[in-house]
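Following: one structure in structure tokens, then a few remarks.
The values are calculated or read from the model by the stated rules, or taken from the named source; none is laboratory data. Since the structure is predicted, the reported quantities are computational estimates derived from the model, not experimental observations. Methodologically, a virtual Cβ is constructed for each residue, glycine included, from the backbone with ideal geometry; neighbour enumeration extends over all protein chains shown. What goes into the accessible areas is simple: the full protein's heavy atoms, side chains included, and nothing from ligands, DNA or RNA. Shrake-Rupley method; radii C 1.70, N 1.55, O 1.52, S 1.80 Å.
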Amino acid sequence: MPQIADRLSRIKPSPTIAVTNKARELKAAGHDVIGLGAGEPDFDTPENIRNAAIAAINAGDTRYTAVDGTPALKQAICAKFKRDNNLDYEPANITVGTGGKQVLYNAFMATLNPGDEVIIPAPFWVSYPDMVLLAEGEPVVVPCTQSNNFKLQPEDLEEAITEKTRWVLLNSPSNPTGAAYSFAEMKALTDVLKRHEHVMIMTDDMYEKLVYDGFEYCTPAQVEPELKERTLTVNGVSKAYCMTGWRIGYAAGPVDLIKAMGKIQSQSTSNPSSVSQAAAVEALNGDQSFIDKHNEVFKARRDMVVEMLNDCPGLNCATPEGAFYVYPSCEGVIGKATPDGKQITSDSDFVTYLLESEGVAAVQGEAFGLSPYFRISYATSTELLRDACTRIKKACEALK
Ligand code: PLP
């Protein structure tokens, strides 16, 4: 048995990847399983983006690039921040990594000393606390209730801040709830943050483009320009451009932080794929019209899923502003028994029951830090979603 470093005992493998793998295995073994665990669009990468990658390969863009992004991609990112968020950045403020995940990880590795605190509103994206722990920081989890639409309240933020707070991490629209902050809600948070000058703001805007019903998206540095110098705005092409496998994420922030993040990357992975970077330039600069088309489909699926889940005895599902997730409460099924006599005592029991009885793979709320809930990704075909919700209803009705 090889020695495994102590730091590994602080973290767990990604539970969402675990659910996806389990569903895949069951399917491969011939079971009828619908996977609602994956956090990626079911649409293909648009053709213009694919063609840009092919052209890059044929043009010989197949070598190492600058560690934290090509000049062309950094320019395209600066233009995106100006166009979408009215934020002025220079290429020196931009870093590009292998997915948003690496960018977030670099930021924690570059800034946290042992014991530094990171405020993470729950429910949270599963990787945040573990990344903080790997970087020897302390996650400070602040619960956000369904009655507050799963959004961080200014008074709770104020209370969580200590002398040791290094970062506050915001994620809007959120994975797993889809909740997104309006301008007024965000302003209430930035007003608190303005008073605490030692606190940095990390905002994960990965789902910026996926908002519905005319929701007006905003990001902290845009809402409160005074905070721009201590904000790291993280974004990427994975979700909006259907490019999860290409692995390109980016961030804008103060030059010294961006340099420190580049230093970590220079000694770990070096540049993200040259071909993927060329594709990302086309994604950001090219035609954006498919985003609205995809959003129409996502919105229709969201409405259908929310309606069908609210028709299941024991479940209660809010309608979120964005992303492609819903986060229904399963409080009403806790304490009930399955047809073969097992008691449902937690959201983990409930998702296990859904998988075993009806072949529906969802992710337990425990993984996201707020129970009793579960997450459903509606980034899958409308037909499968309808079938999955029908099966969930059947499973709920069978509980006693
Ligand atoms: N941030 C959030 C909130 C996510 O949901 C994800 C992916 O699931 C990421 C970051 C990571 O994105 P990427 O695939 O670009 O690494």
Shape category assigned to segment 181-271 from the gyration tensor of Cα positions, a/c cut at 1.5: oblate
How much accessible area per residue does the chain have, in Å², with a 1.4 Å probe? 43 Å²
Degrees between helix 99-111 axis and first principal axis of the chain (Cα, 0 to 90, nearest 10): 70 degrees
Assign unit charges at the C-beta atoms only (+1 for Lys and Arg, -1 for Asp and Glu), then state the dipole size of the chain relative to its Cα centre in Debye, rounded to the nearest 20. 820 debye
Can you tell me which of 32-39, 368-375 comes out highest on packing, and rank the rest after it, using the mean Cβ neighbours within 10 Å? 368-375, 32-39
Cβ under 13 Å from residue 230's Cβ, residue 230 left aside: what net charge do those residues give with Lys, Arg +1 and Asp, Glu -1? -1
Extension gain, residue 63 back to residue 145 (0.36 nm per residue minus Cα-Cα distance, nm): 24.7 nm
Hey, if you put +1 on the Cβ of every Lys and Arg and -1 on every Asp and Glu Cβ in segment 63-285, which of 262, 105, 193 ends up farthest toward the positive end of that dipole? 262
So the angle from the long Cα axis of helix 289-310 to the longest Cα principal axis of the chain, reported in degrees to the nearest 10, equals 30 degrees
Restricting to segment 63-285, what percent of DSSP beta bridges are antiparallel, rounded to 5? 30 percent
Of the convex hull drawn through the C-alpha atoms of segment 253-329, the volume per residue in Å³ is 175 Å³
Protein accessible area in segment 63-285, 1.4 Å probe - carbon and sulfur %: 50 percent
Paramagnetic reach from residue 31 (point 7 Å along Cα→Cβ, amide N under 15 Å) across segment 337-369: 349-364
Can you give the helix-only mean residue ellipticity at 222 nm for the chain, where every DSSP H stretch with n ≥ 4 adds -39500 (n - 2.57) and the sum goes over all residues, rounded to the nearest 500 deg cm²/dmol? -12000 deg cm²/dmol
Angle between the Cα long axis of helix 274-285 and the longest principal axis of the chain, 0 to 90 degrees, nearest 10? 80 degrees
Length-normalised contact order for the chain - Cα pairs under 8 Å, 6+ apart - percent: 22 percent
By the scheme Lys and Arg +1, Asp and Glu -1, what is the net charge of all other residues having a beta-carbon under 12 Å from that of residue 287? -2
Sequence gap at least 6, Cα distance under 8 Å: using those rules, report the relative contact order of segment 63-285 to the nearest whole percent. 28 percent
Counting other Cβ atoms within 10 Å of each Cβ, which GluC sites (Glu not before Pro) in segment 209-290 have at most 15 and sit in a DSSP loop? 216
What ranking do 203-214, 50-61, 157-168 get when scored by the average of other Cβ atoms within 10 Å per residue, highest first? 203-214, 157-168, 50-61
Long-range amide H contacts for residue 142: which residues qualify at under 5 Å (H placed 1.01 Å from N, peptide plane, sequence gap of 5 or more or a different chain)? 120, 122
Charges at C-beta only: +1 for Lys and Arg, -1 for Asp and Glu. How large is the resulting dipole of segment 63-191 about its Cα centre, in Debye rounded to 20? 780 debye
Residue 138 versus residue 387, label points 7 Å from Cα toward the beta carbon: distance in nm? 4.9 nm
Quick check: net charge around residue 157, other residues with Cβ under 14 Å of its Cβ, Lys/Arg +1 and Asp/Glu -1? -4
Taking the Cα centre of segment 213-281 as the origin, how large is its charge dipole in debye, to the nearest 20, when only Lys and Arg (+1) and Asp and Glu (-1) carry charge on their Cβ atoms? 420 debye
Show me 185-193, 13-21 ranked by packing, highest mean number of other Cβ atoms within 10 Å first. 185-193, 13-21
Take the alpha carbon atoms of segment 170-228, find their center, do the same for segment 376-395, and report the distance between the two centers in whole angstrom. 30 Å
For the chain, which cysteines have no second Cys with its Cβ under 4.7 Å from theirs? 78, 144, 218, 242, 317, 330, 389
Measuring from a point 7 Å past the Cα of residue 86 along Cα-to-C-beta, which residues in segment 160-185 have an amide N at less than 17 Å? 182-185
Give the ranking of 198, 31, 294 by solvent-accessible surface, highest area first, calculated with a 1.4 Å probe. 31, 198, 294
For the chain, report the % of Cα-Cα distances exceeding 38 Å. 19 percent
Need the full-extension length gain, residue 44 to residue 9, defined as separation in residues times 0.36 nm minus the C-alpha distance. One decimal, nm. 8.9 nm
List the lysines whose alpha-carbon lies under 29 Å from that of residue 336, not counting same-chain residues fewer than 8 positions away? 22, 27, 393, 394, 400
